[in-house]
Amino acid sequence: MPEARGAGRPTWMRSTWLLWGAPLATGAVAGAVFLAVPDIDLVVARTFHAPETGFVGRRLGWVEMLRQAFVVLYFGTVALTLAGLALTWRARRAWLRLDSRHWLFLAACLAAGPGLVANLVFKDQWGRARPAQIVEFGGAKAFTPPLVIAGQCPRNCSFVSGEAASTYSVFYAGAALVPQWSVALVVIGTLGGLLTGLLRMAQGAHFLSDVIFAGVFMALTVLLLRWLMLQRGGRH
């Protein structure tokens, strides 16, 4: 007997309004707050900065070690995804309970989220200088609000955090693939992305808003790909 559409998924995951509403509402509230009070970014950045020694994260070895652990998590997931694609594409059978369509979805999330959206669309186009580059922290660039396109940086700029986006995307995509663990994966992914961003903030590489909006855009990217690749035209 065919499985009923939506069966096996938590009730909250069957609500389109809730799924899309959470990141959209978060982005709208964060946008209003940071546009109204852009100095929040500077206040938070100053907690990691000392005029004599610079950003604290650059002097602490464990900060860089933990940062690299998140980098390994992302590229390890990329390697696992490529293996999953290779094992299921021709064999036409599932591996780790995921078929080729699911592995392709995961690959799309990992590529489009951190790669296309975070890096090509935002980091290379937005022109926002990083904290360590602005006048307030010893640099020569001007501080700009997060949602205002600037000309302070030619490429690989501050908005949004690419490494935080990588962590968010791993867990948010996992939540879309494993509905029974979705709540836990969303919570872990959100905390992990914030922690990844916090490490980069401590190193003077990102503002708080860079980290928050990375999570918003990664959630929306995963939801869009989920609709396009797993839901549209058929059941999940």
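The table below gives the values:
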read-out	value
Computed [θ] at 222 nm, helices only, for the chain once each DSSP H run of length n ≥ 4 contributes -39500 (n - 2.57)	-18000 deg cm²/dmol
At R0 = 22 Å, FRET efficiency that the Cβ-Cβ distance of residue 90 and residue 180 yields, to 0.05	0.15
Prolate/oblate/rounded label for segment 77-166 (Cα gyration tensor, a/c 1.5)	prolate
Semi-axes of the equivalent ellipsoid for segment 188-236, Cα gyration tensor, largest first, Å	30, 10, 6
Positive-end residue of 54, 187, 30, charge dipole of segment 14-231 with Cβ unit charges	187
Cα-centred dipole magnitude for the chain, charges only on beta-carbon of K, R (+1) and D, E (-1), debye, nearest 20	880
Amide N of segment 160-177 lying under 19 Å from the label point, which is placed 7 angstrom from the Cα of residue 79 along Cα→Cβ	166-167, 170-171
Helix runs (DSSP H) in the chain reaching 20 Å along axis by Cα, Kyte-Doolittle at least 0.0	16-36, 61-89, 162-177, 182-202, 208-226
Percentage, to the nearest whole number, of Cα pairs in segment 14-231 over 33 Å apart	18
Ranked by how many other beta carbons lie within 10 Å on average, peptides 197-206, 149-158, 216-225 from highest	197-206, 216-225, 149-158
The chain - Cys residues lacking any other Cys C-beta under 4.7 Å	109
Cβ charges +1 (Lys, Arg) and -1 (Asp, Glu), total dipole of segment 85-131, debye	140
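Here, each number is a calculation from the coordinates, and none is a lab measurement. This is a predicted model, so every value here is computed, not measured. So basically every Cβ, Gly included, is an ideal-geometry build from the backbone, and we count neighbours across all protein chains shown.
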